[in-house]
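Have a look at the structure below, then the notes.
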Amino acid sequence: MTAQLYHLLNRITYGPRPEDRQHLAEIGWDNYVAEQLNPGEEPEALRRMIQEDVYGWRFDINGESTQMEMPLTYYDLSIGEIFRRLMPAPGNPAKYDLRRPFFETLIVSWLKALHSPWQLRELMVEFWHNHFTVSVDIEDGIAACYAAYDRETIRPNVLGNFRTLLEAVAQAPAMLHYLDNAVSRASPANENFARELFELHTMGAGSYYNHLYDEWTKVPGALEGRAEGYIDEDVYEAARAFTGWTVAINQPHRDLSVPDSGEFYYFDLWHDPYKKRVLGVELKSHQGPMEDGRQVLDLLAYHPRTAHFIVTKLCRWLVADDPPQSVVDQAVGTWIAHQRSPDQIKATLRTILLAPEFAVSLGQKLKRPNHLILAFVRMTGAQLTPHESVFWWTRKMGYHQFTCPFPTGNPDRAEFWINSDALLKRWQSFPELERIGAAEGFFDWDVLAETPAEIADFASLLEYWTARLIPTVLPARIRAELRKIFFEDLATRSIAELRRRDPEALSRRVKQMVRLVCMSPDFQKR
Amino acid sequence: MKRREFIVGCAAGLALLTTPRLSLFALNPDERDEHCCVVVFLRGGVDGLQLVAPSSDAFYQDVRVSGLKVAESGTQAGLLLDNSLGGIGFRLHPMARELHEFYREGKLAIFHACGLENGTRSHFEAMALIERGLVENQPIQQGWIARVLDELAPGGSLPAVATSGGMPQSFSGYTASTSVTDLSTFSLAADHDFPRLLRKWYSGDSQLDRTARGTLDTLKLLADSRVQTEASANYPDTWYTREMNGHFQTLAQLIREGHGIRMAMVDSLGWDTHEDQIHHFPRLVGGLSSSLAAFYRDLGRHRKNVTVVVMSEFGRRLRCNRSFGTDHGYGNTMMVLGEQVRGGRMYGRWPGLSQDALDRGVDLAITTDYRSVLGEVLRQKLGVQKLDRIFPGFTDFRPSGIFSA
């Protein structure tokens, strides 16, 4: 495979497998992108893994660790149903089970990243989950909402329309709990959601005109109802606009019975109905239910600063940590032109992926820890059953999947992931997978089956595996070194003979060699 | 082989590869060349008005609901601070017992109304500014701790250490910074030829290459290191302190081993209490206070060479919101702990809580620039002379006299 083909695939998959390259070589990049942007059904094998297979689940009861195997039972349920089954109550399981929907979401996300042919979609699921970060570590109730957050809020919209996605997120119980809008009521409202809505979800911190604090008339464009940046007063007013956007948990109130479903609920009695002004636009007093909030979402979703902020993040995700301005500008054009189309995000991704700037961005992105493990598994042909130990290890490497301690999500710049602790754990992760995975039965790797039988000598063996794993040709001194370390003492024997007589020794050596190639600088990149 | 011999042996090995740094360090008699500044960063914006509370202030008692303020009397009364500011009776949160003890022993200095005089209420922005040592945004990526180290040109083998995972932006641009969380797993166990080959592979000049080579050096240096906490350090055994204990234990071990650490950072998470602060805050404060105290004991005789600064990105709103939490505010407390600190008194200037004294009419104002507090530690304990090199554009350094001569 040429370095270029490798690069293209590497950037829009969690590690290209041999069959992916072949497919790309057959149909060409434009068609490949078109296919990925119009994903079809998941393969039967993956559906079975999600619907039928059982997964280990470990939890503590009174300090004692208990392990059980179970199928994914909560992932497909509505929040109402999940709460009905899981809320601590006589006859119901204990509190720890509230985390099961989160745990099942993690498993599904790893299964899809490993096995779905629609890899670009999975990368976008990761992108939006980080953009609209919700951490289950805040409280177990959020963990209970997580399957619905993934399945109903994020996934249906990852290639769709941003305005739709934004409202889905603003009404998602997981987000309502996480950024406290569920408990925000007049007055004073809780500002947590409103602030992150401006700063993280839409316009970005670069549009925070804090030096103008309360002088809204001085914000350029504000007097024409098109404020180009936001100030604290916009945050305060938006917080008021979203009062009443909550979760139905049987809020006590005279003469009114709020259901106890755990679903999104608009509670008018908590809403602050009076006039507000956001970004220079007046929201009238006593508008209809949810009108204030929806108007704020409109203002933000269609704001040019939002287009710029989100598209820059998309380009950072797909092109480079500091993407060329030319590709950002072009994609912003697409984003705005399609802002009311159901295919807005898809159209924008097409612009980015077909841009010349994308084609020449080889080696510009670093794999995040989860990506490193996934790529190792996919590219070596190993088998990984998603398992708590892998999630834990990934977290120790610094990647917080659904548990990010900050609402900014996992960073997408290389420097964050490059430090001695993180780098060492990246190197350690491949032998660790084998060691812990073999012991706990979630990892299996028949490296000889993955090595073509026609490879007869060690030089070809080395060449085959490095070409499969990294895009560059190894410097001669490294190649010589690798051969010396791994195969010098075997050099008098043929591979065919070793396969017959001593497959375990051969397999051990090849695995060590592959792991070392995966520790190389090239494999750290995506 | 004894621990000390091993380190020296290791350093000698390293010296061949890099520069003979440790020997220079060992020869220098000036104690400031060994002093280490540990920054404990409370991420999320600690509510300084409930940690160090102006509890005798009638307005404070009026606007804050019970549970979001520190009481003057009763079983939940705060811990009274002598030598307080502005004639106000300040009290530490009742769960901050160990901090109060330090204060009474004269080791802890407490500032109030400190912070970043920028006005931002964004975590992201405030942290990015503070970690780069700025007040207004400037095109500077380098962190302030990185500049301290450039200025000191330290000789030790591990001059800059972060132990909470990752590398805070404060260290950005100083390539000899080391991130170590858990010494027991800081090794590359299998396949011992790997490091040699990796060093060749990572031979370039990128950040990735340089960090990789530094990591291989550190691996060699710490091959034998294990946390050996004295039982008497008495780290609190609670689920919510376990992680922070680990970060402190690693740091204490590295300081005891004498690697020449000059700057270190430990993160404490969870202070963004928009909701149900009543429930979360006592646990957070109790955890911080007891875990930090254990770290201090854990340092043993080395504590004379350590100054700890506790800080956060901003304070929280004076008035609470309707979900029993507080939103992002402004002025805040900072604390400095150390054997040479003239503690047992509060520092700074209390601006008061009347409407016209509040920043924007809602938040505690700032009367002490965070850089003055850090600057005083840097100048007095680390010997940094040119503070404007650490904090670009900082000319208004106002020391408070927190160290005895």
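When A:Arg195 is tested against (1) touching a Ser or Thr at 6+ places or on another chain (Cβ under 9 Å); (2) more than 9 Å from every other protein chain (Cβ to nearest Cβ); (3) of a type outside the set (Ser, Thr, Tyr), just one condition goes unmet, and that condition is (2). When A:Thr246 is tested against (1) under 20 Å from B:Asp359 (Cβ atoms); (2) within 12 Å of chain B (Cβ to nearest Cβ), exactly one condition is not met: (1). Is at least one residue of region B:66-79 surrounded by 21 or more Cβ atoms within 10 Å (Cβ to Cβ), modelled with pLDDT of 95 or more and on the phi > 0 side of the Ramachandran plot? No, the conditions are met nowhere in region B:66-79. Among the residues examined, A:Arg435 qualifies as surrounded by fewer than 18 Cβ atoms within 10 Å (Cβ to Cβ), within 11 Å of another protein chain (Cβ to nearest Cβ) and over 30 Å from B:Thr273 (Cβ atoms).
Condition check ((1) assigned to a loop (DSSP other than H, G, I, E, B); (2) loosely packed, with under 12 Cβ neighbours inside 10 Å) across all residues:
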{"position": "A:Tyr14", "(1), (2)": "yes, no"}
{"position": "A:Glu19", "(1), (2)": "no, yes"}
{"position": "A:Ala25", "(1), (2)": "no, no"}
{"position": "A:Val33", "(1), (2)": "no, no"}
{"position": "A:Arg48", "(1), (2)": "no, yes"}
{"position": "A:Tyr55", "(1), (2)": "no, no"}
{"position": "A:Thr66", "(1), (2)": "no, yes"}
{"position": "A:Thr73", "(1), (2)": "yes, no"}
{"position": "A:Gly80", "(1), (2)": "no, no"}
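Residue check: is A:Leu424 without any contact (Cβ under 8 Å) to a residue 60 or more places away in the chain, surrounded by 15 or more Cβ atoms within 10 Å (Cβ to Cβ) and under 30 Å from B:Thr181 (Cα atoms)? So A:Leu424 fits the description; yes.
In region B:205-221, the count of residues that are touching a Lys or Arg at 6+ places or on another chain (Cβ under 7 Å) and either within 7 Å of chain A (Cβ to nearest Cβ) or among the small types (Gly, Ala, Ser) (or both) is zero.
Report yes if B:Met127 is within 11 Å of another protein chain (Cβ to nearest Cβ), under 16 Å from the mean Cα position of the chain (by Cα), surrounded by 22 or more Cβ atoms within 10 Å (Cβ to Cβ) and without any contact (Cβ under 8 Å) to a residue 24 or more places away in the chain, otherwise no. Taking the combined requirement at face value, the residue does not satisfy it. Scan region A:199-234 residue by residue and report those that are within 23 Å of A:Val311 (Cβ to Cβ), facing chain B (nearest Cβ under 9 Å) and in contact with a strand residue (DSSP E or B) (Cβ under 9 Å, 6 or more places away or on another chain). Across region A:199-234, the qualifying residues are A:Glu199, A:Tyr208.
Taken together, A:Trp445, A:Trp417 contain a single residue that is crowded, with 18+ Cβ neighbours inside 10 Å, in contact with a strand residue (DSSP E or B) (Cβ under 9 Å, 6 or more places away or on another chain), among the hydrophobic types (A, V, I, L, M, F, W, C) and at the interface with chain B (Cβ under 9 Å from one of its Cβ atoms), which is A:Trp417.
If I filter region A:181-193 for residues that are within 22 Å of B:Glu136 (Cα to Cα) and crowded, with 19+ Cβ neighbours inside 10 Å, do I get at least one hit? Taking every residue of region A:181-193 in turn, none turns out to be within 22 Å of B:Glu136 (Cα to Cα) and crowded, with 19+ Cβ neighbours inside 10 Å. The set of residues in region A:472-506 that are closer than 20 Å to A:Glu450 by Cβ and within 34 Å of the chain's Cα centre (by Cα) contains only A:Leu474.
In region B:262-276, of all residues being surrounded by 23 or more Cβ atoms within 10 Å (Cβ to Cβ) and more than 15 Å from the chain's Cα centre (by Cα), the one that is farthest from B:Gly343 (Cα to Cα) corresponds to B:Glu275.
Of the helices (runs of 4 or more DSSP H) lying entirely inside region A:409-526, those carrying at least 1 residues that are among the aliphatic types (A, V, I, L, M) are A:414-417, A:420-440, A:458-469, A:476-487, A:495-501, A:503-518. Taking residues in region B:331-352 that are under 14 Å from B:Thr368 (Cα atoms), and partners anywhere that are assigned to a strand (DSSP E or B) and of a type in the set (Lys, Arg), the pairs with Cβ atoms closer than 9 Å and at least 6 places apart or on different chains are B:Asn332/B:Arg316.
Close contacts from region A:46-57, counting a first residue that is closer than 12 Å to A:Glu69 by Cα and a second that is hydroxyl-bearing (Ser, Thr, Tyr) and crowded, with 18+ Cβ neighbours inside 10 Å, with Cβ to Cβ under 9 Å and a gap of 6+ residues or different chains, come to A:Asp53/A:Thr385; A:Tyr55/A:Thr385; A:Gly56/A:Thr385.
For region A:307-326, indicate whether the set of residues that are of a type in the set (Val, Ile, Thr) and farther than 14 Å from A:Phe127 by Cα is non-empty. Checked against the condition, which is being of a type in the set (Val, Ile, Thr) and farther than 14 Å from A:Phe127 by Cα, region A:307-326 yields no hits at all.
In this structure, A:Val311 does not satisfy being more than 24 Å from A:Asp232 (Cβ to Cβ), of a type in the set (Val, Ile, Thr), in a helix (DSSP H, G or I) and without any contact (Cβ under 8 Å) to a residue 24 or more places away in the chain.
Scanning region A:332-348 turns up no residue that is over 19 Å from the mean Cα position of the chain (by Cα) and closer than 20 Å to A:Tyr6 by Cα. Looking across B:Phe102, B:Phe111, one residue alone is in a helix (DSSP H, G or I), crowded, with 24+ Cβ neighbours inside 10 Å and modelled with pLDDT of 90 or more. It is B:Phe102.
Entry remark, region A:203-236: residues being in a helix (DSSP H, G or I) and under 17 Å from B:Gly361 (Cα atoms) number 9 in total.
Residues in region A:448-488 that are within 14 Å of chain B (Cβ to nearest Cβ) and closer than 21 Å to A:Val377 by Cα: A:Leu462, A:Thr466, A:Leu469, A:Ile470, A:Thr472. Quick check: is even one residue across region B:252-275 within 14 Å of chain A (Cβ to nearest Cβ) and part of a helix (DSSP H, G or I)? Scanning region B:252-275, I find at least one residue that is within 14 Å of chain A (Cβ to nearest Cβ) and part of a helix (DSSP H, G or I), so the answer is yes.
Rundown of residues vs (1) farther than 30 Å from A:Glu199 by Cβ; (2) in contact with a helix residue (DSSP H, G or I) (Cβ under 6 Å, 6 or more places away or on another chain); (3) of a type outside the set (Gly, Ala, Ser), yes/no style:
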residue: A:His387; (1), (2), (3): yes, no, yes
residue: A:Trp392; (1), (2), (3): yes, no, yes
residue: A:Tyr399; (1), (2), (3): no, yes, yes
residue: A:Leu424; (1), (2), (3): yes, yes, yes
residue: A:Val447; (1), (2), (3): yes, yes, yes
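A single entry from B:Ser170, B:Ser225, B:Ser179, B:Ser164 fulfils the requirement of being touching a helix residue (DSSP H, G or I) at 6+ places or on another chain (Cβ under 8 Å) and facing chain A (nearest Cβ under 9 Å): B:Ser179. A:Leu200 falls short on exactly one of the conditions (1) of a type outside the set (Val, Ile, Thr); (2) in a loop (DSSP other than H, G, I, E, B); (3) more than 21 Å from A:Ser341 (Cα to Cα), and that condition is (2). Does B:Gly331 meet the test of being modelled with pLDDT of 95 or more and at positive phi? The answer is no for B:Gly331.
Scanning region B:226-251 for residues that are outside any loop (DSSP other than H, G, I, E, B), more than 13 Å from B:Ser290 (Cβ to Cβ) and not acidic (Asp, Glu) yields B:Ala231, B:Ser232, B:Gly246, B:His247, B:Gln249, B:Thr250, B:Leu251.
The values are calculated or read from the model by the stated rules, or taken from the named source; none is laboratory data. Everything quoted here is computed from the prediction, not taken from an experiment. Here Cβ is always computed from backbone atoms with ideal geometry, including for glycine, and neighbour counts include all displayed protein chains.
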